[in-house]
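Participant: Questions regarding the structure given below will be posed in turn.
The values are calculated or read from the model by the stated rules, or taken from the named source; none is laboratory data. The structure presented is a predicted model; accordingly, all values stated were derived computationally and were not measured. Reconstructed Cβ throughout: ideal geometry from the backbone, glycine too, with neighbour counts over all protein chains shown. Surface areas here come from the heavy atoms of the whole protein model, side chains and all, with no ligands, DNA or RNA. Shrake-Rupley method; radii C 1.70, N 1.55, O 1.52, S 1.80 Å.
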Amino acid sequence: MTELFGAPRPARRDPGPVGKAILVVLWLVIGVMPIAFSISDVRLASGAVGSPGTLTVEQCTDLGRGRYDCVGTFVPAGGGTPIAVDATPDSTPGESRPAQLGPEGDRAVPNGTAGVLAALTLPFLGVAVLGLLPAVVMWGTGRTRNIRPALFWGAVVAVIGGVGVVVGMVAAYS
C-alpha cells in the first residue's frame, strides 16, 4: 500500500504563525473581558458610585437552566420613597440586606465586604486566565527556552485567581 501512496505523514499539529497570533490574541481577550465587564459592578458594590440603603428581595422568577430574574424594593439609607429595582440573580425572596443603588436607579447590588467579594468573582477569573498569558505568548512566538518558569508562575497566579473565584461565589451565595 505504501508503494502506491507513499509513507504516511504525521498530521500537522502546529497552527502556524498566524494561527498562533490569533490564539494569543484570543487568550488575551478572554482574560481581559471579565475584568472590563465587571468594573461597574465592583465600583457599585464598593460604594464608589450609587446610593447606599437596604434591598428587600420580593420575587425571583426561574428563567430555566439555573438562571433567575429577581426584583425587590430598595429603601435609601437616609430614608425616602422605596424604589422598585432589579436584584442580583443570586438573591433569595424575602432576604433583606445592605445594598447600593446604581446611578440609573434601576438595580441594586449587595455592598460591603460580601458584595465586593461577589463582584470580584469575574475579575478573579480574568486573573486566572491572564496568569498563563506569558507562557502562551512564549509558545506563540516560538521562544520556549524558559517556558517552565512561566508555566509554574502562571499556574500559581491561576490558582490564586481560582481561589478568588471560589471566595466570590461563596460570598455571593451566603
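Listed here are the residues, each with its yes/no results for (1) under 30 Å from V136 (Cβ atoms); (2) touching a Ser or Thr at 6+ places or on another chain (Cβ under 7 Å).
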residue	(1), (2)
R13	yes, no
G19	yes, no
W27	yes, no
F37	yes, no
S46	no, no
V57	no, yes
T61	no, no
G64	no, no
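Participant: State all residues of the stretch 92-127 that are open to solvent by 40 Å² or more (accessible area, probe 1.4 Å) and assigned to a loop (DSSP other than H, G, I, E, B); if no residue qualifies, say none.
Facilitator: Those that are open to solvent by 40 Å² or more (accessible area, probe 1.4 Å) and assigned to a loop (DSSP other than H, G, I, E, B): T92, P93, G94, E95, P103, E104, D106, L120.
Participant: From the residues in the stretch 77-91 that are open to solvent by less than 40 Å² (accessible area, probe 1.4 Å) and among the hydrophobic types (A, V, I, L, M, F, W, C), which one is farthest from the chain's Cα centre (by Cα)?
Facilitator: V85
Participant: Scan the stretch 82-108 for residues that are under 17 Å from T61 (Cβ atoms) and not hydrophobic (A, V, I, L, M, F, W, C) and jot them down.
Facilitator: D86, T88, P89, D90, S91, T92, P93, G94, E95, D106, R107
Participant: Something else now. What residue, among those in the stretch 31-59 that are among the small types (G, A, S) and either in contact with a Phe, Trp or Tyr (Cβ under 9 Å, 6 or more places away or on another chain) or assigned to a helix (DSSP H, G or I) (or both), is surrounded by the fewest Cβ atoms within 10 Å (Cβ to Cβ)?
Facilitator: A36
Participant: Could you look through the stretch 128-165, keep only residues that are among the basic types (K, R) and not in a helix (DSSP H, G or I), and pick out the one that is most open to solvent (accessible area, probe 1.4 Å)?
Facilitator: Within the stretch 128-165, the match that is most open to solvent (accessible area, probe 1.4 Å) is R145.
Participant: Continuing with this model, one more query. Is it fair to say D62 is part of a loop (DSSP other than H, G, I, E, B) and of a type in the set (D, E)?
Facilitator: no
Participant: Could I ask something else about it? Six or more apart or on different chains, Cβ under 7 Å: which pairs go from a residue in the stretch 154-166 that's within 8 Å of F124 (Cβ to Cβ) and without any contact (Cβ under 8 Å) to a residue 60 or more places away in the chain to one that's in a helix (DSSP H, G or I) and aromatic (F, W, Y)? Could you list them?
Facilitator: Within 7 Å, the pairs are G161/F124; G164/F124; V165/F124.
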